[in-house]
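Here the structure is laid out as C-alpha coordinates; the discussion comes afterwards.
The values are calculated or read from the model by the stated rules, or taken from the named source; none is laboratory data. Please read all numbers here as calculations on a predicted model, not as lab measurements. Cβ placement follows ideal geometry from the backbone for every residue including glycine, while neighbour counts extend to all protein chains displayed. The area values use the complete protein model at the heavy-atom level, side chains included, leaving out ligands, DNA and RNA. Shrake-Rupley method; radii C 1.70, N 1.55, O 1.52, S 1.80 Å.
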Amino acid sequence: QAHIVLRRKLNEAQLKARELGQYRLEEKLGEGGMGVVYRARHALMRRPTAIKLLLPERASPEAIRQFEREVHLTSELTHPNPIQIYDYGYTPDEVFYYVMEYLEGLTLKELVNRFGPLPESRAVYLLGQICDALHEAHEKGVVHQDIKPANIFIGQRAGIPDSVKVLDFGLVRQYRAEVGLASGANDGFGPVGTPSFMSPESIQIPGSADPRSDIYSPGALGYFLVTGYRKSTRLNSSHDSPYRMPSSA
(Lines give C-alpha, C1' and ligand atoms only; values in the text may rest on other atoms or scores of the structure.)
Protein backbone atom coordinates (compact mmCIF):
# COMPACT_ATOMS: atom_id res chain seq x y z
CA GLN A 1 0.00 0.00 0.00
CA ALA A 2 2.81 2.42 0.87
CA HIS A 3 4.44 1.67 -2.47
CA ILE A 4 1.24 2.57 -4.32
CA VAL A 5 0.92 5.84 -2.40
CA LEU A 6 4.52 6.76 -3.18
CA ARG A 7 4.06 5.92 -6.84
CA ARG A 8 0.92 8.05 -6.96
CA LYS A 9 2.84 10.95 -5.41
CA LEU A 10 5.53 10.57 -8.05
CA ASN A 11 2.97 10.61 -10.86
CA GLU A 12 1.35 13.72 -9.39
CA ALA A 13 4.76 15.34 -8.99
CA GLN A 14 5.65 14.53 -12.58
CA LEU A 15 2.45 16.16 -13.81
CA LYS A 16 3.13 19.24 -11.72
CA ALA A 17 6.74 19.20 -12.86
CA ARG A 18 5.56 19.67 -16.43
CA GLU A 19 5.28 23.31 -15.43
CA LEU A 20 7.94 23.23 -12.71
CA GLY A 21 9.87 26.46 -12.69
CA GLN A 22 11.36 27.17 -16.11
CA TYR A 23 11.18 23.56 -17.34
CA ARG A 24 8.47 21.63 -19.13
CA LEU A 25 8.59 17.84 -19.37
CA GLU A 26 8.01 16.52 -22.88
CA GLU A 27 8.76 12.80 -23.03
CA LYS A 28 9.81 9.98 -20.72
CA LEU A 29 13.22 8.68 -21.82
CA GLY A 30 13.76 5.82 -19.42
CA GLU A 31 13.66 4.48 -15.89
CA GLY A 32 16.33 2.74 -13.84
CA GLY A 33 16.94 1.45 -10.37
CA MET A 34 16.98 4.88 -8.76
CA GLY A 35 15.35 7.40 -11.05
CA VAL A 36 13.21 8.23 -14.05
CA VAL A 37 14.50 10.50 -16.82
CA TYR A 38 12.48 12.88 -19.00
CA ARG A 39 13.33 15.05 -21.94
CA ALA A 40 12.41 18.61 -21.05
CA ARG A 41 12.75 22.12 -22.43
CA HIS A 42 13.62 25.40 -20.77
CA ALA A 43 10.67 27.75 -21.20
CA LEU A 44 12.66 30.88 -22.03
CA MET A 45 15.85 29.64 -23.68
CA ARG A 46 14.03 26.82 -25.52
CA ARG A 47 17.04 24.64 -24.80
CA PRO A 48 16.34 20.89 -24.62
CA THR A 49 17.43 19.26 -21.37
CA ALA A 50 17.07 15.97 -19.54
CA ILE A 51 15.56 15.85 -16.03
CA LYS A 52 16.06 12.96 -13.63
CA LEU A 53 13.67 12.45 -10.71
CA LEU A 54 14.46 10.21 -7.76
CA LEU A 55 11.84 7.46 -7.41
CA PRO A 56 9.93 8.01 -4.15
CA GLU A 57 10.19 4.36 -3.11
CA ARG A 58 13.98 4.77 -3.20
CA ALA A 59 13.93 8.17 -1.52
CA SER A 60 15.66 7.16 1.68
CA PRO A 61 17.85 9.79 3.35
CA GLU A 62 20.94 7.96 2.08
CA ALA A 63 19.58 7.81 -1.48
CA ILE A 64 18.87 11.54 -1.44
CA ARG A 65 22.34 12.25 -0.06
CA GLN A 66 23.84 10.14 -2.83
CA PHE A 67 21.82 11.97 -5.50
CA GLU A 68 22.96 15.31 -4.12
CA ARG A 69 26.55 14.06 -3.95
CA GLU A 70 26.33 13.02 -7.60
CA VAL A 71 25.04 16.46 -8.58
CA HIS A 72 27.60 18.40 -6.57
CA LEU A 73 30.62 16.38 -7.67
CA THR A 74 29.57 16.16 -11.33
CA SER A 75 28.84 19.88 -11.52
CA GLU A 76 32.43 20.61 -10.44
CA LEU A 77 33.80 18.93 -13.58
CA THR A 78 34.56 21.33 -16.43
CA HIS A 79 35.98 18.94 -19.02
CA PRO A 80 33.71 18.64 -22.11
CA ASN A 81 33.40 14.85 -21.89
CA PRO A 82 31.53 14.35 -18.58
CA ILE A 83 27.76 14.97 -18.64
CA GLN A 84 26.96 18.59 -17.74
CA ILE A 85 24.63 19.39 -14.82
CA TYR A 86 22.56 22.58 -15.07
CA ASP A 87 20.30 22.68 -12.01
CA TYR A 88 18.69 20.65 -9.23
CA GLY A 89 15.99 20.98 -6.59
CA TYR A 90 12.75 19.52 -5.27
CA THR A 91 9.23 19.43 -6.68
CA PRO A 92 6.39 20.79 -4.50
CA ASP A 93 5.85 17.18 -3.35
CA GLU A 94 9.52 16.96 -2.31
CA VAL A 95 10.63 14.68 -5.15
CA PHE A 96 14.32 15.33 -5.75
CA TYR A 97 15.34 16.10 -9.35
CA TYR A 98 18.25 17.46 -11.33
CA VAL A 99 18.61 18.94 -14.79
CA MET A 100 21.38 17.93 -17.20
CA GLU A 101 22.25 18.38 -20.85
CA TYR A 102 20.15 16.47 -23.36
CA LEU A 103 22.14 14.11 -25.58
CA GLU A 104 21.38 12.54 -28.93
CA GLY A 105 23.26 9.48 -30.13
CA LEU A 106 24.06 6.01 -28.83
CA THR A 107 25.68 4.41 -25.84
CA LEU A 108 28.70 2.22 -26.59
CA LYS A 109 26.62 -0.78 -25.60
CA GLU A 110 24.01 0.10 -28.23
CA LEU A 111 26.69 0.86 -30.81
CA VAL A 112 28.46 -2.50 -30.50
CA ASN A 113 25.20 -4.45 -30.22
CA ARG A 114 23.93 -2.89 -33.46
CA PHE A 115 27.07 -2.70 -35.58
CA GLY A 116 29.53 -5.15 -34.04
CA PRO A 117 33.11 -4.64 -32.83
CA LEU A 118 34.85 -1.37 -33.64
CA PRO A 119 38.08 -0.83 -35.56
CA GLU A 120 41.02 -0.43 -33.21
CA SER A 121 41.64 3.18 -34.23
CA ARG A 122 38.06 4.20 -33.43
CA ALA A 123 38.14 2.37 -30.10
CA VAL A 124 41.39 4.14 -29.16
CA TYR A 125 39.90 7.52 -30.09
CA LEU A 126 36.86 6.92 -27.87
CA LEU A 127 38.90 5.53 -24.98
CA GLY A 128 41.18 8.57 -25.11
CA GLN A 129 38.24 10.88 -24.48
CA ILE A 130 37.03 8.72 -21.60
CA CYS A 131 40.49 8.81 -20.03
CA ASP A 132 40.66 12.59 -20.44
CA ALA A 133 37.37 12.94 -18.56
CA LEU A 134 38.56 10.59 -15.81
CA HIS A 135 41.84 12.49 -15.53
CA GLU A 136 40.04 15.67 -14.50
CA ALA A 137 37.75 13.74 -12.15
CA HIS A 138 40.73 12.09 -10.45
CA GLU A 139 42.51 15.40 -10.08
CA LYS A 140 39.44 16.66 -8.21
CA GLY A 141 39.43 13.55 -5.99
CA VAL A 142 36.46 11.89 -7.72
CA VAL A 143 36.31 8.18 -8.65
CA HIS A 144 33.52 7.19 -11.06
CA GLN A 145 33.40 3.44 -10.20
CA ASP A 146 31.03 2.38 -13.01
CA ILE A 147 32.72 2.89 -16.38
CA LYS A 148 30.95 0.49 -18.74
CA PRO A 149 29.45 0.54 -22.26
CA ALA A 150 25.99 1.65 -21.09
CA ASN A 151 27.49 4.66 -19.29
CA ILE A 152 29.44 6.04 -22.27
CA PHE A 153 27.44 8.03 -24.80
CA ILE A 154 28.65 9.12 -28.22
CA GLY A 155 27.14 11.58 -30.66
CA GLN A 156 27.99 14.51 -32.88
CA ARG A 157 28.77 17.82 -31.17
CA ALA A 158 29.63 21.01 -33.06
CA GLY A 159 30.06 18.91 -36.19
CA ILE A 160 32.58 16.59 -34.53
CA PRO A 161 31.52 12.92 -34.72
CA ASP A 162 32.19 10.34 -32.00
CA SER A 163 32.17 12.94 -29.23
CA VAL A 164 32.09 11.12 -25.89
CA LYS A 165 29.99 11.88 -22.84
CA VAL A 166 30.63 9.98 -19.61
CA LEU A 167 27.29 9.38 -17.88
CA ASP A 168 26.00 8.24 -14.50
CA PHE A 169 28.12 9.47 -11.65
CA GLY A 170 25.57 7.80 -9.37
CA LEU A 171 28.24 5.58 -7.78
CA VAL A 172 30.79 8.36 -7.59
CA ARG A 173 33.19 8.43 -4.64
CA GLN A 174 35.44 11.10 -3.24
CA TYR A 175 39.04 9.98 -2.83
CA ARG A 176 41.70 11.65 -0.72
CA ALA A 177 45.04 10.45 -1.99
CA GLU A 178 47.03 11.81 0.93
CA VAL A 179 45.33 9.41 3.35
CA GLY A 180 44.11 6.75 0.92
CA LEU A 181 40.49 7.10 1.99
CA ALA A 182 37.37 7.07 -0.12
CA SER A 183 33.81 8.02 0.72
CA GLY A 184 30.65 7.81 -1.30
CA ALA A 185 28.10 5.44 -2.76
CA ASN A 186 29.22 2.13 -1.29
CA ASP A 187 30.15 3.12 2.25
CA GLY A 188 28.78 0.30 4.35
CA PHE A 189 27.66 -1.76 1.33
CA GLY A 190 29.10 -4.61 -0.68
CA PRO A 191 30.73 -4.18 -4.09
CA VAL A 192 29.13 -1.66 -6.43
CA GLY A 193 29.44 -1.41 -10.18
CA THR A 194 29.18 -3.92 -13.03
CA PRO A 195 31.43 -6.96 -12.44
CA SER A 196 32.56 -7.35 -16.06
CA PHE A 197 34.17 -3.91 -15.94
CA MET A 198 35.28 -3.73 -12.30
CA SER A 199 38.85 -4.09 -11.10
CA PRO A 200 39.56 -7.21 -8.99
CA GLU A 201 40.26 -5.16 -5.87
CA SER A 202 36.92 -3.35 -6.18
CA ILE A 203 35.16 -6.71 -6.06
CA GLN A 204 37.33 -8.36 -3.42
CA ILE A 205 37.60 -5.35 -1.08
CA PRO A 206 34.45 -3.18 -1.29
CA GLY A 207 35.24 0.44 -0.62
CA SER A 208 38.81 0.20 -1.89
CA ALA A 209 38.15 1.85 -5.27
CA ASP A 210 40.61 4.59 -6.17
CA PRO A 211 41.71 6.19 -9.48
CA ARG A 212 43.58 3.03 -10.44
CA SER A 213 40.27 1.14 -10.42
CA ASP A 214 38.84 3.66 -12.88
CA ILE A 215 41.87 3.10 -15.15
CA TYR A 216 41.26 -0.65 -15.13
CA SER A 217 37.66 -0.24 -16.30
CA PRO A 218 38.45 1.49 -19.65
CA GLY A 219 40.82 -1.41 -20.35
CA ALA A 220 37.95 -3.87 -19.93
CA LEU A 221 35.77 -1.53 -21.98
CA GLY A 222 38.39 -1.47 -24.76
CA TYR A 223 38.32 -5.27 -24.89
CA PHE A 224 34.54 -5.11 -25.33
CA LEU A 225 34.78 -2.49 -28.07
CA VAL A 226 37.18 -4.44 -30.30
CA THR A 227 35.79 -7.94 -29.63
CA GLY A 228 32.14 -7.49 -28.74
CA TYR A 229 32.69 -9.63 -25.62
CA ARG A 230 32.96 -8.83 -21.92
CA LYS A 231 35.76 -10.10 -19.76
CA SER A 232 34.81 -13.13 -17.69
CA THR A 233 33.99 -12.97 -14.01
CA ARG A 234 33.46 -15.76 -11.52
CA LEU A 235 31.45 -13.62 -9.16
CA ASN A 236 28.27 -13.20 -11.15
CA SER A 237 27.01 -15.20 -14.13
CA SER A 238 24.92 -12.26 -15.36
CA HIS A 239 27.56 -9.85 -16.66
CA ASP A 240 25.09 -7.03 -17.09
CA SER A 241 23.76 -7.22 -13.53
CA PRO A 242 25.36 -4.70 -11.17
CA TYR A 243 25.68 -5.55 -7.50
CA ARG A 244 23.88 -2.32 -6.73
CA MET A 245 21.75 -0.51 -9.27
CA PRO A 246 23.28 2.78 -10.46
CA SER A 247 21.10 5.84 -10.40
CA SER A 248 20.79 6.49 -14.09
CA ALA A 249 17.91 5.19 -16.12
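Brief remarks follow.
- Residue 194 fulfils the conditions (1) crowded, with 23+ Cβ neighbours inside 10 Å; (2) at pLDDT 95 or above except for a single criterion, (2).
- Residues in the range 72-86 that are open to solvent by less than 60 Å² (accessible area, probe 1.4 Å) and without any contact (Cβ under 8 Å) to a residue 60 or more places away in the chain: 79, 84, 85.
- The lone exception for residue 118 - which of (1) closer than 27 Å to residue 73 by Cβ; (2) open to solvent by less than 50 Å² (accessible area, probe 1.4 Å); (3) not in a helix (DSSP H, G or I) it fails: (1)
- Filter result for residue 67 (more than 30 Å from residue 161 (Cα to Cα), surrounded by 14 or more Cβ atoms within 10 Å (Cβ to Cβ) and modelled with pLDDT under 80): yes
- Residues in the range 31-72 that are of a type in the set (Asp, Glu) and more than 17 Å from the chain's Cα centre (by Cα): 57, 62.
- Among the residues examined, residue 101 does not qualify as acidic (Asp, Glu) and open to solvent by 30 Å² or more (accessible area, probe 1.4 Å).
- Residue in the range 140-163 that is open to solvent by 20 Å² or more (accessible area, probe 1.4 Å), more than 13 Å from the chain's Cα centre (by Cα) and modelled with pLDDT under 80 present: no
- Pair list, Cβ under 9 Å, 6 or more apart: the range 126-139 residue closer than 9 Å to residue 211 by Cα, other residue hydrophobic (A, V, I, L, M, F, W, C) and surrounded by fewer than 19 Cβ atoms within 10 Å (Cβ to Cβ): 134/215; 138/177; 138/215
- Yes/no for residue 141 being within 12 Å of residue 77 (Cα to Cα) and of a type outside the set (Lys, Arg): yes
- Inter-residue pairs, beta-carbon under 8 Å, first more than 14 Å from residue 86 (Cβ to Cβ) and in the range 35-48, second of a type in the set (Phe, Trp, Tyr), 6+ apart: 35/67
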